[in-house]
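Here the structure is laid out as structure tokens; the discussion comes afterwards.
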Amino acid sequence: MLVNRKLILAHFWLAFALFGVALTLGAWQMFIRSPIGTWLSNPELYYRSLTAHGTVMGYVFPTLVAMGFGYAISESALEQRLVGVRWAWSGFWLIVIGSVMAVIPIALGRASVLYTFYPPLIGNLFYYLGVVLVVVGSWIWVALMSINLRLWRKAHPGAPVPLAMFANVAGSYLWAWTAVGAALELLLQIIPVAAGLKNTIDAGLGRIFFSWTLHAIVYFWLMPTYIAYYTIVPRAIGGRVYSDTMARISFILFLVVAMPIGMHHTFADPQVGAGFKFIHSAFTALVALPTLLTVFTICASVEIAARLRGGRGLFGWIRALPWDNPMMLALAFSFVMLGFGGAGGLINMSYQLDASIHNTQWITGHFHLIFGGAIVIMYFAIAYDLWPHLTGRELIDVRLIRSQLWLWFIGMIVTTFPWHWVGILGMPRRMAYFDFGDPAIAPQALSVIFSAIGGFILLTSGILFLVILARGMRAPQADAGAYRFALAVHQPTTVPVALNTHALWVALMIALTITNYGYPILNLATSGGTSVPAVYVGAQ
Amino acid sequence: MSTRDLFTFHNRHFSIGVGITAAILIVTAIAGFVVLPFAQPWVRFSSIWDAICSAAGVAQRTASVTVPEQANRLSEVVLTSHTLSRPSQEAIGRGATLAQRCAICHGPIGISRADSPNLAGQYAAVIYKELHDFRSGARTNAVMSPFAVNLTDDEIADLSNYYAYLPRLPAYHPTPQLPKPNIVIYGAPLRGIAPCGACHGSLDNKTGSPWLEGQSDAYMKAQLQAFAAGERRNDISQQMRNIARAMTPQEIEAAAAYYASQPPDVVKAVD
């Protein structure tokens, strides 16, 4: 029952339009610092573009997708009209205003601080206020998801919450809490300095606050993808979810252990004690668990579909899968990229192994493979799956959709594999220019060229994606029926209260945040002499 | 079962969830705060508490390590977008009067005849910072320090605004313009050297960095050498010392000669 289609479409269109702009900037960046581009001679333009690319891809695009998809889930899984539609629109407009407010100073070169802020660099106040508005807009969505679920529970006392909505609300709670870290950094530290009330800043404390947000935000980006794995893919390929309980446990585990692990981003930071780094490293290892559970459950669900289609044998069933179905293709590509990206992630979280790749191009390769690859390809799949239900028109270009997914997969592999490789060779990240004429890095030139070509393959795929969606708006009308989610082999009739509510797991998430972040933050906040003079971007 | 029944140890999910989480936390904490600190043979701890504090990141002062006293003052100048905004005509006039005493080295119209920096049209922020540093002792010079030591904050601001107000004129002995050397336009990324032009003009200008076009070749070379040798230390975060140390003597020559040969009218206007 999708009633507020305009609301959902608005979120998706804004998300994908901004994605198109940021993708173009990304491809340009790959090109301009590769040996095939002529050096601009102005690093400032590069960092300007990098800030815009990161801000859109990190904060705006995935948040809008999660919000739009969240509203769609709330209406179709709960089969009740969305409550608070006006609030939802106001959240959307806050994000629009925030994005414009942030992008203008970036375009003027007044906020080239990258999306991770990097104090003591201080950009224009309006950049930070814009980011704050985007986050506030998304918090409205968090509240609406919680309220809608509460109303449904009242009407259905004791009934199992549909898996899609259970996961969706878990994702929204994770986001609400993880955004607090960056919010504290912005409100207590950066904004007072950007507004001219203070002129020194504790950069070390700022990095700890940001690490609170920086890792769990990835799991917030991941949530729509995992929801699609469990609740869309099995239905789309004609199978069933192998275990509803396993799915709930995975989402609960994400809620608990995605949060208290961010300090693996600060292994090289001297202001954090080694003991806390170790705890965060150990908890990061745990976060592989829900992903492994998911891979197992989804493979089992896919096998069910294959056997229903007549697949036989130990591995023979793989051939019986509907490989011409875009959803099957997207899932397979996503899993391959998740596999490689996840393996790289295990290296990043290991204290000693991290030392060899810390701050190199390996890291950029890693998060592009996981986020741009495994996650975003499922965003495409979600859009393709929802589009006929939102527009009331059929997506007829199935071949084009398949080509788009293939191109994205190939482009992402061609971009990120050489990226990882030059990282191992020691090429640093966040550099606007490399002198490939220098014998020491000349051998890496070829890898960087491949990477840049991959960037253009991705751009082509991104344009195709937008074209397919735009053509879908003008296709002949067709009734797609009600939007449905996958059923489990054993549909739950009763679910233990712990697996049907979030309270216990949210409490554990907050408790672990306090144990793992409380002391380091308190220690830095109370020790004197840790602030440094701010460096104002563009001040003269 | 209601939510109230959820938070009791009678609930299996609660006891297992909390139990496993607490167990993992305790095991990792013992490993991180006790076992691993003692596994480092090169560090000696006086007690378990000492090891725990160290692993927790408490700043430690042990008897065996003496913290060296900071022998040299560091620059304490902070510039914001508002520090030097919109000087009045009176302020510039006061600066002009004060500048009479600078003229012997820096020239009556801010163009030096004596290998001192040309100040005509230099960014106000630059003069402001250097005068503050000379006054505080963060930068020392036998000639400049005595001049700066008695200046008030207002006088420093007036002088900065006056020199920034003067038109940029060609150097006293203009030389033919040289092409841009690599160090200026590309830097040397492998040695961590950003292009000179990224901060000092030619490509971009960063706060507190002077434009260098038409400045004295000998002066710029001397400053780079002073940074490399650690004799000059008023660069915040050591950025110039790190760069100058990594530069080859040829690069120092090339950068100084290039900037000295440029006419100052190519400097990008920033107001």
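Assorted remarks:
- Peptide A:250-256 shows a mean partner chain C-beta count of 1 within 10 Å per residue C-beta.
- Just so you know, the averaged projected area of the alpha carbon convex hull for the stretch A:248-290 sits at 2.7 nm².
- Relative to its residue count, chain B spans a Cα convex hull of 252 Å³ per residue.
- Across peptide A:497-506, the mean count of Cβ atoms from other chains lying within 10 Å of each residue's own Cβ comes to 4.
- In chain A, the DSSP-assigned H stretches of four residues or longer account for a calculated mean residue ellipticity at 222 nm of -22500 deg cm²/dmol, using -39500 (n - 2.57) per stretch and the full residue count as denominator.
- Descending semi-axes in whole angstrom, ellipsoid equivalent of the stretch B:143-260, from the Cα gyration tensor: 25, 19, 14
- Highest mean first, the peptides A:174-186, A:289-301 sorted by other C-beta atoms within 10 Å per residue fall in the order A:174-186, A:289-301.
- In whole percents, the pair-distance distribution calculated for the stretch A:1-66 from its alpha-carbon pairs, binned every 5 Å from zero, is 3, 17, 22, 17, 13, 10, 8, 5, 3, 2, 1.
- Interface burial in the stretch B:72-98 reaches 10 Å² or more for B:Val78, B:Leu79, B:Thr80, B:Ser81, B:His82, comparing the full protein assembly with the chain by itself; accessible area from heavy atoms with a 1.4 Å probe.
- Percent of Cα pairs in the protein assembly as shown per distance bin of 10 Å, from zero to the largest separation: 2, 12, 20, 23, 18, 12, 8, 4, 1, 0.
- Protein accessible surface hidden between B and A, which excludes ligands and nucleic acids, total in Å², probe 1.4 Å: 3400
- Antiparallel DSSP beta bridges within the protein assembly as shown, percent to nearest 5: 65
- Interface residues, the stretch A:261-283 - accessible area loss of 40 Å² or more versus chain alone, probe 1.4 Å: A:Gly275, A:Phe278, A:Ile279, A:Phe283
- Three-way shape call for the stretch A:409-540 based on the alpha-carbon gyration tensor, with the a/c threshold at 1.5: oblate
- Taking the 1.4 Å solvent-accessible surface of chain A as the whole, the part contributed by carbon and sulfur is 69%.
- GNM result for chain B, Cα springs below 10 Å: residue of B:Ala157, B:Ala142, B:Ala114 fluctuating most strongly: B:Ala142
- Cα-derived Rg over Rh, computed across the stretch A:123-228 with Rh taken as Kirkwood radius: 1.10
- Dimensions of the stretch A:260-327 along the principal axes, based on C-alpha atoms and rounded to the nearest Å, stand at 59, 22, 16, largest first.
- Stokes-Einstein D in µm²/s, Kirkwood radius over Cα pairs - the stretch A:57-185 at 37 °C with 0.692 mPa s viscosity: 209
- Overall, the protein assembly as shown carries a charge dipole of about 1840 debye about its Cα centre when +1 sits on the Cβ of Lys and Arg and -1 on the Cβ of Asp and Glu, all other atoms neutral.
- Shape call, the stretch A:332-455: gyration tensor on alpha carbons, a/c limit 1.5: prolate
- Gaussian network model of chain B, springs between alpha carbon atoms under 10 Å - residue of B:Arg44, B:Arg94, B:Arg191 with greatest fluctuation: B:Arg44
- Rg and Dmax over the alpha-carbon atoms of the stretch A:286-381 stand at 16.0, 50 Å.
- Ranking of B:Asp153, A:Asp479, A:Asp397 by solvent-accessible surface, largest first: A:Asp479, B:Asp153, A:Asp397 (1.4 Å probe, protein heavy atoms only, all chains present).
- Legend: residues B:Glu251, B:Glu76, A:Glu394, A:Glu303, sorted from most to least accessible area (1.4 Å probe; ligands, DNA and RNA excluded), read B:Glu76, A:Glu394, A:Glu303, B:Glu251.
- Summed side-chain charge close to B:Ile185 - residues other than B:Ile185 whose Cβ falls under 13 Å, Lys, Arg +1, Asp, Glu -1: -2
The values are calculated or read from the model by the stated rules, or taken from the named source; none is laboratory data. It should be emphasised that the depicted structure is a prediction, and the values quoted were computed from it without experimental measurement. We place every Cβ from the backbone using ideal geometry, glycine too, and count neighbours over all the protein chains shown. The accessibility values were calculated without ligands, DNA or RNA, using every heavy atom of the protein model including side chains. Shrake-Rupley method; radii C 1.70, N 1.55, O 1.52, S 1.80 Å.
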